[in-house]
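Presented below is the structure to which this report refers.
The values are calculated or read from the model by the stated rules, or taken from the named source; none is laboratory data. The structure displayed is predicted, hence computed values, not measured ones. Cβ placement follows ideal geometry from the backbone for every residue including glycine, while neighbour counts extend to all protein chains displayed. Quick note on the areas: whole protein, heavy atoms, side chains included, nothing else; ligands and nucleic acids left out. Shrake-Rupley method; radii C 1.70, N 1.55, O 1.52, S 1.80 Å.
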Amino acid sequence: MIRYQLALLGHSQRWLPPSLAYLVLLAVLYNDPTAPVPPEFAVSAGGLTVVACWLTIALVDAEDPVQRLITLVHARRLSTVLAGFVAAAALCCVGLTAVSLAWAALVHHGLPAAVLTDGVVAHAACAAAGIALGLPCSRLLLPRIGYTVLAALALLGAVLLVRWVPVVNPMLRSLTGAGSHSGAVALGLLGGALLLVASAAATGWLVHRRA
């Protein structure tokens, strides 16, 4: 299922706009070797939240409803299809995270292990949150692209900008400040993982109810 979803996404070329947008962000971000790294990771991880949401929607919407029904029949369970969506999107985010961390390491001539670890965890947390937001905004629940865009923008704005939403914003604010960031990024990863599990379960339940 994961191979099929990745092949479908690659053939549709819907991965190209979000990936190019992320590379442009990295090119603008990583241009000063003397800049502190954690705030840069806050920006790149925040950008990955948007890209992960975008990629998830693009991946799900690459199939029309009839084709998705055929996929569901072959998979036999909706949970298998949803797991394929999540895993395929996560693999795409792993690749983008690797590019971000490698780019930062090259510009800054290497990174301390603690900083690199915080970067990995922060990007993983943001990727999980982005995938979680993308699932309910996709064609699985919202058949029209206008509703998808509005819902995605609203959810991304809440997660990234609202301080009392305990998933991404507190972690990113911690990365822009001084001191240790390990606790904040660990909590961010836990929040992102819980959000992803809840989103996948809720989306699967709603799709099953509508079937």
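Which count do you get for residues in segment 6-25 that are part of a helix (DSSP H, G or I) and touching a Leu at 6+ places or on another chain (Cβ under 6 Å)?
So in segment 6-25, the residues part of a helix (DSSP H, G or I) come out as 6-12, 16-25.
Within this subset, residues satisfying the condition of being touching a Leu at 6+ places or on another chain (Cβ under 6 Å) are 9, 18, 22.
Here the count works out to 3.
Out of (1) open to solvent by less than 70 Å² (accessible area, probe 1.4 Å); (2) of a type in the set (V, I, T); (3) under 21 Å from G191 (Cβ atoms), the odd one out for V81 is which?
(3)
Here are L91, L116, L69: which of them is surrounded by fewer than 19 Cβ atoms within 10 Å (Cβ to Cβ) and farther than 22 Å from G130 by Cα? Before you say what the answer is, go through the steps one by one.
Values: L91 fails: farther than 22 Å from G130 by Cα; L116 fails: farther than 22 Å from G130 by Cα.
Answer to the check: L69.
Can you name the residue in segment 157-187 that is assigned to a loop (DSSP other than H, G, I, E, B), among the aliphatic types (A, V, I, L, M) and more than 16 Å from V37 (Cβ to Cβ) and is also least open to solvent (accessible area, probe 1.4 Å) among such residues? Don't jump to the end; show me each part of the working.
Within segment 157-187, the subset assigned to a loop (DSSP other than H, G, I, E, B) is 162-168, 176-181.
Within this subset, residues satisfying the condition of being among the aliphatic types (A, V, I, L, M) are 162, 165, 167-168, 178.
From the residues that got through so far, the ones that are more than 16 Å from V37 (Cβ to Cβ) too are 162, 165, 167-168.
Details: V162: 42, V165: 27, V167: 20, V168: 1 Å².
Only one residue tops the list, namely V168.
When you go through (1) in a helix (DSSP H, G or I); (2) open to solvent by 40 Å² or more (accessible area, probe 1.4 Å); (3) modelled with pLDDT under 95; (4) not basic (K, R) one by one for T34, which number turns out not to apply?
(1)
Of the residues A62, A89, A58, A98, which is of a type in the set (G, A, S), within 15 Å of L9 (Cα to Cα) and out of contact with any Lys or Arg (no Cβ under 7 Å at 6 or more places or on another chain)? Outline the logic, then answer.
On the way: A62 fails: out of contact with any Lys or Arg (no Cβ under 7 Å at 6 or more places or on another chain); A58 fails: out of contact with any Lys or Arg (no Cβ under 7 Å at 6 or more places or on another chain); A98 fails: within 15 Å of L9 (Cα to Cα).
When all the criteria are applied, what remains is A89.
Quick one: L206 ticks every box in (1) assigned to a helix (DSSP H, G or I); (2) open to solvent by 50 Å² or more (accessible area, probe 1.4 Å); (3) touching a helix residue (DSSP H, G or I) at 6+ places or on another chain (Cβ under 6 Å); (4) at pLDDT below 95 bar one, so which box is it?
(3)
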